[in-house]
1. Could you name the aspartates and glutamates in cross-link range of residue B:312, using Cα to Cα under 13 Å and dropping any fewer than eight places away on the same chain?
2. Take residue C:202 and residue C:153, extend 7 Å from each Cα along the Cα→Cβ direction, and tell me the distance between the two endpoints in nm.
3. Please give, to one decimal in nm, the separation of the simple spin-label points placed at residue A:24 and residue C:320, each 7 Å out from Cα toward the Cβ.
4. Kindly compute the accessible surface that chains A and B hide from a 1.4 Å probe when together, both sides summed, and give it to the nearest 100 Å².
5. Quickly estimate the mean residue ellipticity at 222 nm for chain C, helices only: each DSSP H run with n ≥ 4 gives -39500 (n - 2.57), and the total goes over all residues, rounded to 500.
6. With the crude spin-label approximation of a point 7 Å out along Cα→Cβ, what separation in nm comes out for residue B:111 versus residue A:15?
7. Once the Cα atoms of helix B:188-205 and of chain B are each reduced to a long axis, what angle between those two axes, in degrees from 0 to 90 to the nearest 10, is obtained?
8. Please report how far the C-alpha centroid of segment C:117-168 lies from that of segment A:47-124, rounded to the nearest whole angstrom.
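The values are calculated or read from the model by the stated rules, or taken from the named source; none is laboratory data. Quick caveat: nothing in here was measured; it's all calculated off a predicted structure. Don't worry about glycine lacking a Cβ; one is built from the backbone with ideal geometry, like all the others, and counts go over all protein chains shown. These area figures cover heavy atoms from the full protein model, side chains too; ligands, DNA and RNA do not enter into them. Shrake-Rupley method; radii C 1.70, N 1.55, O 1.52, S 1.80 Å.
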Amino acid sequence: MKGKAERDRLALGRLLLIGVPFAWLGLFFLLPFTIVLKLSLSEPALAQPPYLPIVEWVEEAGELYLAIRLRVQNYLTLVGDGLYLAAFASSLRIAATATVLALLVAFPIALGMARCPPRVRPFLLLAVMLPFWTSFLIRVYAWMGILKDDGLLNALLLTLGLIEEPLVILNTETAVLIGIVYSYLPFMILPIFANLEKHDPSLLEAAVDLGCRPIVAFWRITVPLARPGILAGCFLVFIPAVGEFVIPDLLGGADTLMIGRTLWLEFFTNRDWPLASAVAIAMLLLLVVPIVFFLRLQALGRLR
Amino acid sequence: MTTARPVREARPRIEPWQDPDAVPFVRIQGVTKTFGEVYAVDNVTLDIFKGEFFALLGPSGCGKSTLLRILAGLERPTSGRVLIDGQDMTDVPPWRRPVNMMFQSYALFPHLSVRKNIAFGLEQERLPRAEIAERVAEVVRLVHLEGLEDRKPDQLSGGQKQRVALARALVKRPKVLLLDEPLGALDKKLRDQTQLELVNIQDRLGLTFVIVTHDQEEAMTVGSRMAIMREGQIAQIGTPSEIYEYPASRFVAEFVGEVNLIEARFASVNGTTMRVRAPALGIEIVTDRPVPALPGEPLWVAVRPEKMSIAKTPPAETGYNCVEGEVFDIEYLGDVSVYHVRLDNGLFLRATEANKLRLIERPITWEDRVWLSWGPDASVVLKT
Amino acid sequence: MRTALSVVAALASVLLVGAGPARAAGEVRIYNWSDYIDPEILETFTAETGIKVVYDTYDNNEILETKLLAGKAGYDIVVPTATFLARQIQAGVFQPLDKSKLPNWKYLDEDLHARVAKFDPDNRHAFIYMWGTSGIAYNVEKVKKALGTDQIDSWDYLFDPKYTNKLKNCGIYMLDAPDDVFATVLRWQGEDPDSKDPKVLEKAAEALKKVRPHIRKFHSSETINAMAGGDICIAMMYSGDAGIARQRGAEAKRKQEIRYVVPKEGALLWFDMMAMPKDAPNPDNAHRFMNYIMQPEVIAKASNFVTYPNGNREGMKLVDPEVASDPNLFPTPEIKAKLFVITPHDQRTQRVLTRLWTSVTKGR
């Protein structure tokens, strides 16, 4: 039997332990979120800072009022002007396509790594992470050199005689997809690899022994078991890809419409911080809420 | 473990290997498997008959698991052939073999329920749903898994997992069921019980089982015959009693059960009686199983400790199969006691006696002067 | 108005509002366009005065403006373009300059400063650092191949589908700067380039939409590399950027001859203005630096380096004749007469303009 004092101490310890992630969440997510939310309901102004406060003391006929002005127009603009919905839809589409492509590229790589002898794996992991030692921006610039009309790729294809005219890839959506897939590939490979590495190889042998061809065993055993890794990888690629700004800016063409770019326009060119904040909030709600909901369903599914 | 458990003879046994006309069901012919420079399996030839519960026994690394995986098709032999039911299986991939395996780790699919795990193999055969359900239900009853069908593997105990693994392989109605250390993860009591269950199931279904184990007791309990393997080769094949009573080499004698090994030299053979001299003991040893040998050839005599009698008075005949010494130590193991006797020349021999009397009434104690003796039928002469 | 590297690096710094390093007594903190000064000038200033220069760069007006509007940027001197400056003055971002501390003010070009008084009444807050135009840069050889002529003298070549259709395959870039592009299109259409009328602006947008399919990219900073590397053949460009592209193209392994012109319809004239934020931590040192840069020989050195004309009457006389001889970069009086300026847009016009811009660039 534990003494009451000891129990209390344990309870306090547990509270602290749980409290740390919550404090983290509060400080680095909830607080900024609240600030942006407040901003999204204020009115833009030519001032420093370029918006009006939403809470003000107002004196009227000698009486003091606490006036709260919430500008809903920012959100109405989002819905009213098709641009924002279109940008959002286009971002989702590009991010989803890139995620699927990244998955298709990453899975065989992760599988190959996981099947390698354990002593080789650290080197392969290092190789996957090696690009991170170079600045992200430089790597995207490098892709411009590869993809441009007289770039490496076209030179190669022309030399091989596969094409007769240079392909226009740079400044198209294809280039954006290539850029996103390349940049986020490690985020897809690593969680899938971490998952596959833990798979018991005898499971596949058992499946084969029970009458599966290896390809069927792959689909029925490896893929379902890799689901948590695949999901983690997809979220790690999809979420930042939706808000991606640099890659479409550098590799994309004039008609590549993405929400990150729209937000940039509102924030910098229009100096409309409130509307930019509204875009950010809407993006968060449209993206994070369904994901949280989805993960919650997943968790419930596991319990059952 | 000081004594091997008596071989269970509860059921009448057919002994096809005694029948010169019987056709072996599984034939392993000159199979060799190398991993780089290492010979995991070295030119093994082995016949297993229909309905046998065949045990592959040996220390770890002896190649028994590799041999089993060759049967399953999970490893390709470097050379040699494997035939099952008359068909050459050497080039048949595992998914087409009429063979199923129960893995040491059970290899249950963690994302599938018990029911789905068991049905997995049948779904690959594209059987009608109703038939799958029926056969799954049947095998679930057989291994007593009723009520657990919807659980996931991580919600099962070790014994339950073991039974799911068994059911998953059995439901395919394989011609040969392979079991790779199937009971290794269970505690002793559960293991003993499961061994008997396995035998009963095998008996009832009339299937051919091949089990790999490093536990000689298990091999002897379940096996109709067993093969002792050492360094990729088969050291001896036989029924458990044959192997226990008449080991073919010092390795087998020492690996299966406890044994006293005495160095000896060939003296003479007279009909069914063979005499050897044990210079270290200064006695002659008589056996009723002669082996061909040259005069003076170095031999070994194996005597099981439980076949040695221990007494404070010399036996009637002391000229052979009898040595004198002093009780150096007594191991009390409950059912039996092991007497470690130091001979006058410093050698040790062991004798086992059943504790028919209470400890307190035991007539022999430490530092007693004793005589160890055994019958001609208890001495086995070994050449290697 | 120089744009060189990328928008992105600066973006990160903007979001770290007010997180500047510690402010020592003997320093001046300058925030200027990238590649917009001869580094030797900074070294000499420090050598002469003992004041350490902390020098940061940006490459577009929006980044600077966002930082200024957020406040406490921690800079003593910034260099916005005049139209932006005007709006920022209204927002109360700048402090008036103390001209008693700027004896070299007398060297400044009175005529030019009279023109920018439109943005900064009485030149209270700023003076002209450099100025330039937004014209057409083109690759002589490639354009000749596409059109049969290498004499580009009109905005027709960028705004008339008849020509852009022929040029689209060798590559057309457009500035990603709605103010500049709209003003230029309006001028080309014969409208008031400074119009704030949504209907007029819409007409310009319609014209742009017609050539939109032929334009490969709208970008302000990548054009230098694309032009110098021969990836594109024609672009709307800032004069100094075109100067750099011309220089790089001439030095490149595969030589590219780049030419910059102010078309006959005219081009937008812009001024980059040196000003001091209200919350400048070292106003005295800032005045000293400004006075230093107003010295004719110092500003001439800067012009030699960045190939832009400056706003200094005496300084202009000292610019290297080789640099000053290009009438398109250093406009002659005849060309000067064709240049025009615009005034800042109010919030509503700005929104209309940006929205039209998006509808042009994104086709929505």
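1. Correct list for residue B:312: B:324, B:326, B:367, B:368.
2. According to this spin-label approximation, the distance is 3.7 nm.
3. Going by the 7 Å Cα→Cβ label model, 5.6 nm.
4. It comes to approximately 1900 Å² buried between A and B.
5. -12500 deg cm²/dmol
6. Going by the 7 Å Cα→Cβ label model, 4.2 nm.
7. 60 degrees
8. So the separation of the two Cα centres works out to 37 Å.
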